[in-house]
Amino acid sequence: MEIYLDANATTPVLPQARAAALAVMAEAFGNPSSIHGAGLKARALLDGVRATARRVLQAPSGQLLFTSGATEGIQTAVLSALNALRERRAAGQAIPTVLLYGATEHKAVPEALRHWNALLGLRLEIQAIPVGPDGRHDLAWLRAHAPQAGLVCTMAANNETGVISDLDGIAAALAGSGALWLVDGVQALGKLPLKLLERGIDYAPFSGHKLYAPKGVGLLYVREGAPFTPLMAGGGQEGALRSGTENMAGIAALGAVLAALEQGGVFADATELQARRERLSEALRAAFPGLVLNAPLALSLPTTLNFSVPGFSARQLLDLFDAAGLRLSGGSACGAARAQPSYVLQAMGLPAWQTAAAVRLSFGAADDAALIDAACTRLAACAQALQASGELPGAATPGRLPALTRFVVDGACCYVLADADSRRCVVVDPLPELTPRLPTWLRAHQARLLAVLDTHSHGDHASSATDLRQALPADLLQPADALGWPQGLQALELGGCWLTRLPLPGHTQDSTAYLLHNPQGLRLACVGDTVLPGALGRTDFAQSAPAAYGGSLRTLLQAVGPHTLLLPGHDYEHRLACTLAVECAAQPLLEGVLSGQLDDAGFARAKAQLEQHLGPTEYQTLACGARVDCAQGSEPVELAAAALQPGGLLVDVREPYEQRLGTAPAPAGVPMRALPWSELAAELPDWLAQLPRHTPLYFICRSGNRSALAARALRRLGFGQAWSVAGGLALWPAHEPR
Ligand code: PLP
């Protein structure tokens, strides 16, 4: 069963709201503007819901319009306020110079301000009201700026953090300023009294789907006497303030929710909600040691928890929760598709890792208490899955040690090469962001760490090699040189494989590749930044040896040949790995230098010309692997689950902890392999050597994101029939978490 904990994004529809909507659609479907009996019934329903809304919102005066949702309400309010300013200016009056909005406001507010400010030709300055580390508006700042403000927009409660604004403090800061005041009441509806009249709020938009009504219905309160301009003109519905035949099913459903609020018995009260949140936060803290809350609970809605866990990205945690059937989100739903740090937490001045790793848990006041208990049990199961996969301390038995594991942080890659039997392992390019995750992972896998190697002295980020050696000193081969290679050793043995090194000066003077061999031959090479998939190695650091770079590329070609798998030090575009043959096909400059058509001086000249042509920023982007062949990655790779063909291979790229929590897909007639995205590169040498390039490879993950990356990476490596199963396990037939 799915446990939905994303109520700030949207809620399910309350059964009585569903029934009310169905009744309208089935029987009372009249148009409230018609004057026959069916129309009169609809009109009575409309008036009844509006009357309930007035009581619930304590808004006996002013306008209360039905809208399609809060975004429309915000547009209408902003248009109304800004059009009034425009008219005053046109009449020759002096008008205020700025428009203010809270820095943590929902995007609908600043975007509406920008849109209407430009469209109405006002060209007023738009400024964000700063917030403190607790997420609340800086009232001293507001007091100082209010006299110049034409419109001030402040939300009642924040959708990401749940932080409740100090509306009395804001009202006091605005007193006497003449500024119009918009309060986005979306997250407060049914949870906080807004005291619209008492506080002198001019506009307050609300949204039905955040409180158990369906999407597509909302309310806008407009204070008596506040300026108003209709957003939509037409048939004159809603007293000509909002034309368009009313969404009667939505309004009936909203009416049922408002009636439930008024009558009581459906929604838990604040004390009970706080107790439920306390249970959830205790379960989270027990599951994730080191978890931090990103907003003070005492100032937040009792239904919202925003947290970050050190060492875990938001994406990782969301994948984990989703596998356990827990639906949470990273920040707001609108931003969830993009993996961007939260602007709300950034505005609060929280550390970068917290803003990038933030996860939001929000439940609804109509949720069952048993659901909260079930969620706590599943959070504990998530922790157990992480422990069993070596991602958290506390595993009872050591996990399977993969031959190769890739850790990626912000496009920088770290590799663990290991022998499963002897548990010997070598870490290449440890990243500071992987502390403490990497030492925890190594300990949980009972890995015997022989060496910690850097492929070069890094120019753009630090290595955490020293810390890692100190954390797991027992099996280290000592003494080692500056890059960590054990002195006096020609080859470093890892079970049946061995590692050798190859100096490749260029990116830096000390750049080195590490070559992994087995009895059959060379398997792969960790090449640091000398070859980046889709990019030119950078040679603009103080430590660089640009003149040697072309020669080093040829040395690499001689040592490994065109088809050996190369694992890069950076992979910004998720290309995973490459070969020199693949890079030559994508990059004419590399092709020139490797084929000998371009000598070192010619190569350096061509790079310099490119830099001049593109400018330093663009060039750096190119050199960092974000440009050369990005067009190549745009061809469609998705295919429906039903289109899987016998003869192909289905590869589940979810991480081990997700696979433990969820069930695996079982397609008829297509063999299935569990091969996590972090371990996929280990398989590539065999696939490159043995698998016919036309073999259908079907990748699947939770949502279709990682599987699409995998399919693109494999296409780039020559597998033209690499596909991603569209929608992943979320759309896979009959997938249920355990
Ligand atoms: N304001 C806030 C605080 C919200 O949380 C949302 C929805 O996420 C909106 C506005 C937009 O509401 P709607 O989806 O009804 O347009």
Given charges at beta-carbon only (K, R positive; D, E negative), |dipole| of the stretch 499-621 in Debye: 300
Span-rule helices in the chain, defined as complete DSSP H runs reaching 18 Å or more along the axis (Cα) with Kyte mean at least 1.0: 248-263, 369-388
Spatially proximal lysines relative to LYS215 (Cα-Cα < 26 Å; intrachain offsets below 8 disregarded): LYS41, LYS107, LYS191, LYS195
Rg(Cα)/(2.2 N^0.38 Å) for the stretch 122-211, N = residue count: 1.06
Theoretical FRET efficiency, 1/(1+(r/R0)^6), r = Cβ-Cβ of ALA643 and LYS107, R0 35 Å, to 0.05: 0.45
Gap separating the Cα centres of the stretch 56-78 and the stretch 571-608, nearest whole Å: 59
Distance histogram in 5 Å bins (all Cα pairs of the stretch 1-133, percent per bin): 2, 8, 11, 13, 14, 14, 13, 11, 8, 5, 2, 0, 0
Among HIS36, LEU361, PRO96 - extreme Cα towards positive end, dipole of the chain, charges at beta-carbon: HIS36
Solvent-accessible area of ASP134 with every protein chain in place, 1.4 Å probe, in Å² to the nearest 10: 60
Which of LEU502, GLY602, LEU5, positive extreme of dipole for the chain (C-beta unit charges): LEU5
Relative contact order of the chain, pairs being alpha-carbon contacts under 8 Å that are 6 or more residues apart, as %: 10
Computed over the stretch 367-449: relative contact order in percent, which uses C-alpha pairs under 8 Å that are six or more apart: 28
Relative counts (whole %) of C-alpha pair distances in the stretch 216-273, using bins that are 5 Å wide: 4, 14, 17, 19, 16, 13, 8, 7, 3, 0
Helix-only mean residue ellipticity at 222 nm for the chain, each DSSP H run of n ≥ 4 adding -39500 (n - 2.57), per residue, nearest 500: -10500 deg cm²/dmol
Solvent-accessible heavy-atom area per residue, rounded to whole Å², over the stretch 33-104 at 1.4 Å: 42
Positive-pole candidate from ALA641, ALA26, GLN340, dipole of the chain, charges at beta carbon: ALA26
Heavy-atom accessible area order for ILE700, ILE35, largest first, 1.4 Å probe: ILE35, ILE700
Computed accessible area, GLU433, all protein chains, 1.4 angstrom probe, square angstrom: 100
Relative packing of 544-552, 77-85, which averages over residues the other C-beta atoms within 10 Å, highest first: 77-85, 544-552
Percentage relative contact order, the stretch 208-365, counting C-alpha pairs under 8 Å, at least six apart: 18
Accessible surface, 1.4 Å probe, highest first, among residues LYS107, LYS41: LYS41, LYS107
The stretch 434-502 - Kirkwood radius from inverse mean 1/r over Cα pairs (Å): 13.0
Dipole magnitude of the chain, debye to nearest 20 (Cβ charges: Lys/Arg +1, Asp/Glu -1, about Cα centre): 1000
Accessible heavy-atom area order of VAL109, VAL408, highest first, probe of 1.4 Å: VAL408, VAL109
Accessible carbon and sulfur surface of the stretch 438-517 relative to its total accessible area, %, 1.4 Å: 52
Exposure of PHE29 as accessible area (Å², to 10), given a probe of 1.4 Å and all protein chains: 150
log10 of Debye I(q)/I(0), alpha-carbon scatterers only, for the chain at 0.07, 0.09 Å⁻¹: -0.62, -0.93
Equivalent ellipsoid dimensions for the stretch 223-357 as semi-axes, Å, which come from the Cα gyration tensor, largest first: 38, 22, 16
Dipole moment magnitude, nearest 20 debye, the stretch 442-554 about Cα centre, only Lys, Arg, Asp, Glu C-beta charged: 280
Residues whose placed amide H lies under 5 Å from that of THR67, excluding near-sequence neighbours: GLY218, LEU219, LEU220
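The values are calculated or read from the model by the stated rules, or taken from the named source; none is laboratory data. Treat the numbers as computed from the prediction; the structure is a model and nothing was measured. Glycine gets a Cβ as well: all are built from the backbone with ideal geometry, and neighbour counts include every protein chain shown. Ligands, DNA and RNA are excluded from the accessible area calculation, which covers all protein heavy atoms including side chains. Shrake-Rupley method; radii C 1.70, N 1.55, O 1.52, S 1.80 Å.
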